[in-house]
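The structure appears right after this line, and notes come after that.
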Amino acid sequence: MPRIAHIALKVEDLDRSAEFYEKVFGLSQVGKSRSEDRSRNRLSDGEIDLTFLKYDDDKSDMALAAGDGPCIHHFAIEVDDLMKYVAEVRKAGCQIFGDSTTPPVKFRVPGGPLAEIVPIGRYQKKPGPAGRIVHLAMRVDDIDKTSDFFAKVFGFTQVKVPGLRETARYVTDGTVHIAINKAGAGTGENEGKCDHFGIEVDDLAKCSTEADKYGCEVVTNAGNQFKFRAPGGIVVEPVAKGSKPGIGKGA
């Protein structure tokens, strides 16, 4: 089954951002790389690749495609047949960026953020004593259209939640829970269409203390939600093991 295998963050400082996630969440270093217009620093939670991007020109088309300033630039869905899913995405009317025959194939989720389709094995897994990425929240124009898209094209499961808010839908690939929020109903946490992502931790209090040492700005601290802006400018949500992040709580 298709699954989320990669999240890319556009950040202000590659090394400081990577150091934070390595030390606070226990993610493992994968390595650095460079392409024609950007530099990367990669980490892994053992299953999902977390890549930090720094563009040479912050005003280039692809730098701005996901939003101005630091933001979740895109996420990748791993599939067993690249061209089959490219055809399905095209049939759904999604805008495709660049060459649709060479992975990664980037496209815009209906009314929402950037995503990409990749073949199995593109992103290296590097097991370690890591927190696990379990949650991704996005803002879209039409929550039903977007949740139906993920269910019909990639087979993600739509999660039924009692007392579901009218401004949100939930889907999952079996590991990562995706909160699909109505655009304009979020908290303005960043400029991109992906609001934040969540990492499972053993000890929320310890994580909060470590984040405070790095001078992280607390964005939400109410009820069972705790979110902060990590070094690099991205909002992240520590999630207690076994909990369901964001469901019914304004994810």
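When you go through (1) buried (at least 19 other Cβ atoms within 10 Å of the Cβ); (2) under 19 Å from Val105 (Cβ atoms) one by one for Arg40, which number turns out not to apply?
(1)
Given (1) part of a loop (DSSP other than H, G, I, E, B); (2) touching an Asp or Glu at 6+ places or on another chain (Cβ under 9 Å), where does Thr101 come up short, assuming only one miss?
It fails just one condition, (2).
Can you report the number of residues in the range 34-82 which are over 16 Å from His6 (Cβ atoms) and assigned to a strand (DSSP E or B)?
4
In the range 89-96, is there at least one residue being part of a helix (DSSP H, G or I), in the same structural domain as Glu47 (by TED's automatic domain parsing) and touching a residue at least 24 places away in the same chain (Cβ under 8 Å)? Lay out the reasoning, then the answer.
At the first step, the residues of the range 89-96 found to be part of a helix (DSSP H, G or I) are 89-91.
Keeping just the survivors that are in the same structural domain as Glu47 (by TED's automatic domain parsing) gives 89-91.
Filter again for touching a residue at least 24 places away in the same chain (Cβ under 8 Å), leaving 89.
Among the residues of the range 89-96, at least one is part of a helix (DSSP H, G or I), in the same structural domain as Glu47 (by TED's automatic domain parsing) and touching a residue at least 24 places away in the same chain (Cβ under 8 Å), which makes the answer yes.
Which condition breaks for Met1 when tested against (1) touching a strand residue (DSSP E or B) at 6+ places or on another chain (Cβ under 8 Å); (2) surrounded by fewer than 23 Cβ atoms within 10 Å (Cβ to Cβ); (3) among the hydrophobic types (A, V, I, L, M, F, W, C)?
So the condition that Met1 fails would be (1).
Identify, from the list Asp68, Asp56, the residue that is surrounded by fewer than 20 Cβ atoms within 10 Å (Cβ to Cβ), acidic (Asp, Glu), without any contact (Cβ under 8 Å) to a residue 24 or more places away in the chain and more than 20 Å from Gly121 (Cβ to Cβ). Quick ask: steps written out before the conclusion?
On the way: Asp68 fails: without any contact (Cβ under 8 Å) to a residue 24 or more places away in the chain.
When all the criteria are applied, what remains is Asp56.
Looking only at strands (runs of 3 or more DSSP E) that lie completely in the range 132-230, which have at least 3 residues being modelled with pLDDT of 90 or more? Reasoning before the result, please.
Numbers: elements: 132-140, 168-172, 177-182, 194-201, 217-222, 225-229.
The qualifying strands (runs of 3 or more DSSP E) are 132-140, 168-172, 177-182, 194-201, 225-229.
The values are calculated or read from the model by the stated rules, or taken from the named source; none is laboratory data. This is a predicted model, so every value here is computed, not measured. Neighbour counts are summed over all protein chains in view; Cβ atoms, including those assigned to glycine, are modelled from backbone coordinates with ideal geometry.
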